Structures are given as structure tokens and as C-alpha cells.
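Notes to accompany the following structure.
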Amino acid sequence: MRLLVTGGAGFIGSHIIEAALEVGHEVAALDNLSSGKKQNLPAGVKLFEVDLRDRSAVSAAIGDFRPDMVSHQAAQASVSISVKSPLLDAETNVIGGINLLDACREFSVRKVVFASTGGAIYGEVPEGRFASEDMVPVPISPYAIDKLCFEQLLGVYRVHHGLDSCVLRYANVYGPRQDPHGEAGVVAIFFMALLAKRKITVFARREAGDPGCVRDYVYVSDVARANIAALSDDWNERVMNVGTGRAITTLELVKLMAACMGSEVTPGFGPMRAGDAERSVLDIKRFAARFGANVSLEAGLERTFAWYRSQG
Ligand code: NAD
């Protein structure tokens, strides 16, 4: 099968490409390298260096590669940037996405698998609760609003234009190759800072000094295997959460990271950040029924730390 991975030079996209090559798919990447890097791509994978906002270039890339399926990972992926610049977010995540879907129609792509956000789309998830796929989304940032908008556009293209699709809503993803220079990706940011002996900051859930927001952290290989399975003929989920269902405060995360580094860590404490939900934890019954156990947070952090340390 021929698979085009948008955002393939990025963190998650590059893991999906590796997993797709392992099962024998023929793969290419489409990426504007705004946060992605060429060196994230396995050798021999063709890169279409294209911006999703460039409608004719997107069409030309799809027309050139003629994929059977598209894994759509490219995005403006930062909640805080979306709050500062809603226009930039919508241009990439909505208009750029429409450019992609129109090109998929034009060249008879069979299916699109879309990287949505379980971490942001449901809004606040009350204490003791887990956000299931059936919960009505209450997005509170432009990023989450635009992801939800694109999910709904996929439904329109499916019903009116026969383009099959499915949505994977990721929790907070971490693992090797995550970019620590952005504003998302707390595990990458903390490991890089700690290795460089810089101070790390726990942003507040409500008031500076509290243990921070509650999140569900999922290791990137679990995300990659869900993406590969979603391309298969026996996949019949329209929407699936990809997380662990384990609720972790930022301070708990820091302690687990310190344990895996074998050192003491004393973080600083900062204010709340605009657009951040206080608590987000996913219901993963659908994921668990299909895939069984997750990579544990402890094991995933060990693998991630080993990778950052190996980068010198
Ligand atoms: P990333 O920044 O590493 O990857 C995004 C890729 O998209 C990059 O390679 C970037 O260069 C590319 N890109 C950005 N704008 C583009 C444009 N206009 N045209 C073409 N390419 C463009 O981020 P990631 O963490 O790998 O995220 C991948 C996907 O998963 C995104 O859609 C993101 O919204 C979604 N997601 C990520 C997380 C997470 O925790 N990392 C959680 C939920 C959803």
C-alpha cells in the first residue's frame, strides 16, 4: 500500500513512517519542515517539501505520489501559539487540511487517518472522570476548536464525496525525537533542560506552587501502532482515543523523570498558562479492547531518557 504521511518529518509522523515501513508499506512524507527535520526521516523516504497552505503544491504532491491512503499528522501543534495566533492555527489546521482533502478527492485517495487531540478537544475532564469518545467536546483553545472543525469536515467529505476517514484523538504523546524547542511536549522540554542542568518550571493548575495540571501521557509507539492499525481493512472505528487512562500531575511526572535519571530534581513553579485545561484524562476502553496494555509511563520514560542522553 502507498501511504503519504503529512508531518512525516515531525515527531509522531516519523514514528508512523518507521512503523509503516516495518509492515511493508511504500511511504512518502509531506512536510514544510517548520518544526520537522529531514534527519527524522528514515533513509530512502521521499519528502515533498510542501506547505499545506499552498493548495496547488499539495495537489501536485498527491498527484505525483498517488497514495492509497493518507496519514494526516501535519499541524500547527501548540495550544499556546494558537491562543496567540488563531489565524495561523486555522490557516494550517483547517484551510491547509481542506487543501489536503480536496487533493485526496482529486486523486481518488481511499482513506485519511487524522491526528486529533484527546488532550485538548474535551476541555475540562472533572476529577475522577475519563473522557470517552462519546463525550461532547468542549474545546477551549483555537487549536482544539480547529481540530474539532476538521474532524467534522472529514464527516462531510465521507458522506458527500466518498472519502473514507477515521480520527485518532491522542493524549499527551512523548518519546524519542520530540522537539524540546516548542511550547508543547513537556517530557522533551524537561529532559533536555535537566540534562543541560537548567531549571524546570511546573506551571500551575490553579495557583503557582500546586502540583500542576493533570494529564494522560502516552508513549509514541502506542500512537504509531494505532495509526498503522487504522489503515487496515478490518478497522471499523470512526473515532478512537489513544491514551493510557492514567492521571498524572506535572509534579508526579517530574518525580518519575527524576527517578529514571537517578537524581534529585527541584522544580520552580509558574502561573497558569492560557488555553490549558486543568485536567485531561482519556477513557481508553476502545484502545485497550483492540491493543491490550500500553507501554507503561515508567518504561516509556526510560526509553525516552536513553534517547535524549544518547543525543549528547
Ligand atoms: P511536530 O511539530 O513534531 O509535527 C508536526 C509536523 O507538521 C512537523 O514536521 C511540521 O514541520 C509539519 N507542519 C507544520 N505545519 C505545516 C504546514 N503548514 N505544512 C506542512 N507541514 C507542516 O508535532 P507532533 O507532536 O509530532 O504532532 C503530530 C500531530 O499530532 C499534530 O497533528 C498534532 O496536533 C497531533 N497531536 C500531538 C500531540 C502531542 O502530544 N504531541 C497530542 C495530540 C495531537
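The values are calculated or read from the model by the stated rules, or taken from the named source; none is laboratory data. Just so we're clear, the structure is a prediction, and the values are computed from it rather than from any experiment. Here Cβ is always computed from backbone atoms with ideal geometry, including for glycine, and neighbour counts include all displayed protein chains.
Some observations on this one:
- Taking first residues from segment 253-281 that are more than 12 Å from residue 190 (Cα to Cα) and partners that are among the basic types (Lys, Arg) and crowded, with 16+ Cβ neighbours inside 10 Å, the Cβ contacts under 7 Å between residues at least 6 apart in sequence or on separate chains come to 278/205; 280/215.
- Consider segment 35-54 and keep the residues that are of a type in the set (A, V, I, L, M) and within 8 Å of the ligand (Cβ to nearest atom). The one that is nearest to residue 92 (Cα to Cα) is 52.
- Number of the condition not met by residue 112 [criteria: (1) within 14 Å of the ligand (Cβ to nearest atom); (2) modelled with pLDDT of 95 or more; (3) closer than 30 Å to residue 278 by Cβ]: (3)
- Segment 66-77, residues that are buried (at least 17 other Cβ atoms within 10 Å of the Cβ) and more than 8 Å from the ligand (Cβ to nearest atom): 67, 69, 70, 71
- Criterion violated by residue 32 - all others in (1) at pLDDT 95 or above; (2) crowded, with 20+ Cβ neighbours inside 10 Å; (3) near the ligand (Cβ under 9 Å from one of its atoms); (4) within 21 Å of residue 167 (Cα to Cα) satisfied: (4)
- When we screen 27, 23 for residues that are more than 10 Å from the ligand (Cβ to nearest atom) and surrounded by fewer than 24 Cβ atoms within 10 Å (Cβ to Cβ), the only hit is 23.
- Residues (at pLDDT below 95, assigned to a helix (DSSP H, G or I) and of a type in the set (Lys, Arg)) located in segment 256-312: 309
- As for segment 202-224, it holds no residue that is within 30 Å of residue 17 (Cα to Cα), of a type outside the set (D, E, K, R), more than 16 Å from the ligand (Cβ to nearest atom) and at pLDDT 95 or above.
- Test result for residue 282, closer than 25 Å to residue 209 by Cβ and buried (at least 20 other Cβ atoms within 10 Å of the Cβ): no
- When residue 232 is tested against (1) in a loop (DSSP other than H, G, I, E, B); (2) more than 30 Å from residue 155 (Cα to Cα), just one condition goes unmet, and that condition is (2).
- Scan of segment 12-24 for residues that are free of Cβ contacts under 8 Å to residues at least 60 places away in the same chain and outside any helix (DSSP H, G or I), ordered by number: 24
- Listed by first and then second residue, the pairs with beta-carbon distance under 6 Å, at least 6 apart or on different chains, first residue in segment 42-62 and under 14 Å from residue 101 (Cβ atoms), second of a type outside the set (Lys, Arg) and more than 10 Å from the ligand (Cβ to nearest atom), are 58/103; 59/103; 62/103; 62/107.
- Conditions (1) within 15 Å of the ligand (Cβ to nearest atom); (2) of a type in the set (A, V, I, L, M, F, W, C); (3) closer than 22 Å to residue 233 by Cβ; number of the one not met by residue 1: (1)
- Residue 109 falls short on exactly one of the conditions (1) more than 20 Å from the chain's Cα centre (by Cα); (2) under 19 Å from residue 148 (Cα atoms), and that condition is (2).
- Every residue from segment 222-248 that is over 13 Å from residue 170 (Cβ atoms), small (Gly, Ala, Ser) and touching a residue at least 40 places away in the same chain (Cβ under 8 Å): 229, 245
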